[in-house]
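Read the structure below first, then the notes.
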Amino acid sequence: MPLLNILLKGFAWRFYKENSGLLLFFFVSIISYCFFIKTAGVYRQEESVFYHLMLMMTFITSPLVMLMVFTLWLLYTIKSWQFVARQLKQNENYFLFYSITSYSWAKQFKAWLMTQLAISLPLIGYWLFASVLGIIYHSWLIPLLTLLYICLLALVSARFYVFLVNRTERTGTSSILIRLSRKHTKHFSTLFIYRIFDQGKILYVLIKALSLLAMTALFRLFADAENQQIAPLIILSVTTIHSFLIYQEQQFQENRLQLLRNLPLSRIKLFFSFALVYFVITLPETLWLFSKFPFLGSLMSCIFGLSISFLFRSIVLLTGMNVFKYLLLIFCLFVSLFYFILLLRFEYLSLICLTVSFSIYYFKFYKPNL
């Protein structure tokens with residue numbers, strides 16, 4: 001079907017290409033957690049396998065996990081809506097408004113439905129995994145509800161796309177934040193923040209949800225640990241979860257703010273201007289940290305997280321903006337810093353991270369490997 005081929009190439013595969021880094025990040029995180037997490041204490045091999053099986057069983061028996069997954073899928077679907085709507089506004093896709101509408105409503109709906117199912121392949125993969133476990137352990141309810149939920153999301157999405165293509169008015173509008181701040185002077189370091197709340201709201205909410213889950217899980221898992229150890233571990237996890245946003249901030253500068261290299265701004269000022277961005281995007285986590293730990297420990301942990309974010313941002317310049325290399329380095333740094341926290345005081349680690357990150361930024365800012 002020619003229409004389906006156009007939609008798959010123009011929207012489904014392009015969606016994966018644009019969001020490959022985020023999808024890879026979540027896929028690696030889930031696989032690593034389910035299959036490679038180590039149980040606390042010393043257990044025999046067969047006991048460790050039992051705990052892994054129990055963990056995977058929660059995917060098909062726990063209503064709470066099902067509700068959490070359904071919420072994430074809804075956010076994922078809304079993000080796909082935003083992507084398709086944004087692509088339809090591109091000049092090179094204007095021909096679709098005249099070619100697609102020449103088909104009947106039923107053919108349009110069918111083509112968009114198949115396109116949305118292609119975009120929903122990660123969701124279908126989860127359902128297949130849950131179905132296999134359901135067959136083995138005779139648990140059918142949640143896999144069945146999962147299939148119905150995927151079909152519902154796909155049907156609603158297809159109807160929404162048909163509406164977008166066939167509506168008469170196609171003028172875009174900016175977000176409320178952009179309209180309210182239009183008359184105010186903006187510092188160059190805050191432009192990425194406006195971009196997040198204008199075009200990346202779904203991504204931001206997804207990262208906040210994952211960050212909240214990580215903080216809550218670590219806080220309860222290490223409830224008996226000392227504050228000086230658990231707080232840095234939490235902030236390390238939070239900063240790592242935000243690493244994709246940090247990558248996008250540097251990518252935004254390279255794509256939209258290339259003139260910064262020609263302005264009379266020192267590298268020191270450009271380097272530390274990212275502190276405001278990090279403070280804003282991690283404000284909910286910072287408030288949570290101060291509510292759970294003593295003031296001084298929380299403050300030092302926030303400084304530690306800021307130094308890690310500087311390091312993550314600087315290594316983008318070493319990867320040539322290659323997201324796969326970047327995520328690989330992030331994973332290596334996460335593992336290394338995790339063990340260093342157990343061996344060294346995190347105040348020293350903050351100084352080391354800040355020194356290394358500034359050195360990379362200073363020498364690579366005018367010589368990026370793009």
Flagged in the stretch 1-21 as closer than 26 Å to Gln251 by Cα and either modelled with pLDDT of 85 or more or in a helix (DSSP H, G or I) (or both), in numbering order, are Lys9, Gly10, Phe11, Ala12, Trp13, Arg14, Phe15, Tyr16, Lys17, Glu18, Ser20, Gly21
ask   = Right, Tyr278: open to solvent by 10 Å² or more (accessible area, probe 1.4 Å) and of a type in the set (Phe, Trp, Tyr) or not?
value = yes
Those residues of the stretch 334-355 which are at pLDDT 90 or above and open to solvent by less than 30 Å² (accessible area, probe 1.4 Å) amount to Leu337, Leu349, Ser350, Cys353
Inside the stretch 297-333, the number of residues satisfying the requirement of being open to solvent by 60 Å² or more (accessible area, probe 1.4 Å) and over 27 Å from Lys367 (Cβ atoms) is 2
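Residue by residue, here is whether (1) among the aliphatic types (A, V, I, L, M); (2) modelled with pLDDT of 85 or more; (3) surrounded by 14 or more Cβ atoms within 10 Å (Cβ to Cβ); (4) farther than 17 Å from Leu4 by Cα holds:
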{"position": "Thr39", "(1), (2), (3), (4)": "no, no, no, yes"}
{"position": "Arg44", "(1), (2), (3), (4)": "no, no, no, yes"}
{"position": "Val49", "(1), (2), (3), (4)": "yes, no, no, yes"}
{"position": "Leu53", "(1), (2), (3), (4)": "yes, no, no, yes"}
{"position": "Met66", "(1), (2), (3), (4)": "yes, no, yes, yes"}
{"position": "Tyr103", "(1), (2), (3), (4)": "no, no, yes, no"}
{"position": "Ala111", "(1), (2), (3), (4)": "yes, yes, yes, no"}
{"position": "Leu141", "(1), (2), (3), (4)": "yes, no, no, yes"}
{"position": "Leu147", "(1), (2), (3), (4)": "yes, yes, yes, yes"}
Reported set for the stretch 239-253 where residues are open to solvent by less than 10 Å² (accessible area, probe 1.4 Å) and more than 13 Å from Leu203 (Cβ to Cβ) is Thr239, Gln250
Can we say Tyr366 is in contact with a Lys or Arg (Cβ under 9 Å, 6 or more places away or on another chain) and either free of Cβ contacts under 8 Å to residues at least 24 places away in the same chain or not in a helix (DSSP H, G or I) (or both)? yes
The residue from Ile235, Ile246, Ile268 that alone is over 19 Å from the mean Cα position of the chain (by Cα), part of a helix (DSSP H, G or I), at pLDDT 85 or above and of a type in the set (Val, Ile, Thr) is Ile268
Phe358: passes all of (1) closer than 28 Å to Phe197 by Cβ; (2) open to solvent by 10 Å² or more (accessible area, probe 1.4 Å); (3) in contact with a Phe, Trp or Tyr (Cβ under 7 Å, 6 or more places away or on another chain); (4) modelled with pLDDT of 90 or more but (1)
Out of (1) of a type in the set (S, T, N, Q); (2) at pLDDT below 75; (3) open to solvent by 60 Å² or more (accessible area, probe 1.4 Å), the one Thr58 does not meet is (3)
When the stretch 283-328 is checked residue by residue, the ones that are closer than 28 Å to Glu18 by Cα, in contact (Cβ under 8 Å) with a residue 60 or more places away in the chain and either among the acidic types (Asp, Glu) or in a loop (DSSP other than H, G, I, E, B) (or both) are Glu285, Met321
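The values are calculated or read from the model by the stated rules, or taken from the named source; none is laboratory data. Quick caveat, the model's predicted, so the values are computed rather than measured. Virtual Cβ from ideal backbone geometry, glycine too; neighbours counted across all protein chains shown. When the accessible area is computed, the model is the full protein with side chains, heavy atoms only, and any ligands, DNA or RNA have been set aside. Shrake-Rupley method; radii C 1.70, N 1.55, O 1.52, S 1.80 Å.
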